[in-house]
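The values are calculated or read from the model by the stated rules, or taken from the named source; none is laboratory data. None of the values given here were measured: they were computed from a predicted structure. In this analysis, Cβ positions are derived from the backbone assuming ideal geometry, glycine residues included, and neighbour counts consider all displayed protein chains.
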């Protein structure tokens, strides 16, 4: 791996799905994110790329797509997803680095990146890499952590935090956990040849007191209404955007799917235990049904 590759947040061996989502009191966040996805996703498609799929929490929500590629850097997260979803032709599990995607150009007609951008030390590079593997006109659903949220603004005014929510630069809340300004994200998307079509603000009530005192169904209903203000202002801790890939990358050749990260060839032969590049001879392992392009 090149020394220029940005640092990667690796959830290898983590029980994130169980500790954070299943038993972490995040039912509110999960339900309002599901609403945002339903509003932004196209009704169907052929091939969707789920970047940072983790253990497959959102994957069942992509029912309109013929096939879904679950990509994550962590092999154990993909194993958990495989245990939840099973092995079938519909799901393709790929362990890879978002900065070096192992797919041919113009392959996917849709992609999602939910709760992933906030781990990126170089978001523009990740977005440009993604744009390369999308078809012209493909839909891209992006969620990002918003530094310009009401809680951060009030804390800044009250001098309870040192960083400003109004500056365009990212803020690292914890190691490899970044919040971004909405205008900066829009600029990165534009530079990567995406057009932003719609914005939703999500998780307005992500405060422990609200979640303890207000019934879950009411919080979800109120958040659902407030999501619709996203095109006017973005003051929530989470923002969802529906973007469209501009007409700059041609469609992938029929029958082509993976590319070799060593020599860029798309001539890979699918075997039982590995993919073998017919140009440079590099072998990429297949571990229990998971394609491993990490190069470790």
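Please note which strands (runs of 3 or more DSSP E) are completely contained in region 208-296 and include at least 2 residues that are surrounded by 14 or more Cβ atoms within 10 Å (Cβ to Cβ).
Values: elements: 238-245, 268-270, 274-277, 283-287, 290-292.
Of the strands (runs of 3 or more DSSP E) lying wholly inside region 208-296, those with at least 2 residues that are surrounded by 14 or more Cβ atoms within 10 Å (Cβ to Cβ) span 238-245, 274-277, 283-287, 290-292.
Filtering region 168-189 to residues that are under 17 Å from residue 236 (Cβ atoms) and either outside the structural domain of residue 139 (by TED's automatic domain parsing) or not in a strand (DSSP E or B) (or both) leaves 181, 182, 183, 184, 185, 186.
Of all residues in region 153-168, which are on the phi < 0 side of the Ramachandran plot, out of contact with any helix residue (DSSP H, G or I) (no Cβ under 7 Å at 6 or more places or on another chain) and without any contact (Cβ under 8 Å) to a residue 40 or more places away in the chain? Steps first, answer last, please.
So the first thing to find is which residues in region 153-168 are on the phi < 0 side of the Ramachandran plot, and the list is 153-158, 160-168.
Next cut, out of contact with any helix residue (DSSP H, G or I) (no Cβ under 7 Å at 6 or more places or on another chain) only: 153-158, 160, 162-163, 166-167.
Within region 153-168, 154, 155, 156, 157, 158, 160, 162, 163, 166, 167 meet the criteria.
Pick out the one residue from 198, 212 that is over 25 Å from residue 97 (Cβ atoms), assigned by TED's automatic domain parsing to the domain that holds residue 167 and out of contact with any strand residue (DSSP E or B) (no Cβ under 8 Å at 6 or more places or on another chain). Write out each step before concluding.
Values: 198 fails: out of contact with any strand residue (DSSP E or B) (no Cβ under 8 Å at 6 or more places or on another chain).
Going through 198, 212 in turn, the sole match is 212.
The residues on offer are 73, 28, and the sole one that is modelled with pLDDT of 95 or more, buried (at least 18 other Cβ atoms within 10 Å of the Cβ) and under 21 Å from residue 238 (Cβ atoms) is 28.
The set of residues from region 56-90 being within 23 Å of residue 40 (Cα to Cα) and part of a loop (DSSP other than H, G, I, E, B) comprises 56, 57, 58, 62, 63, 64, 90.
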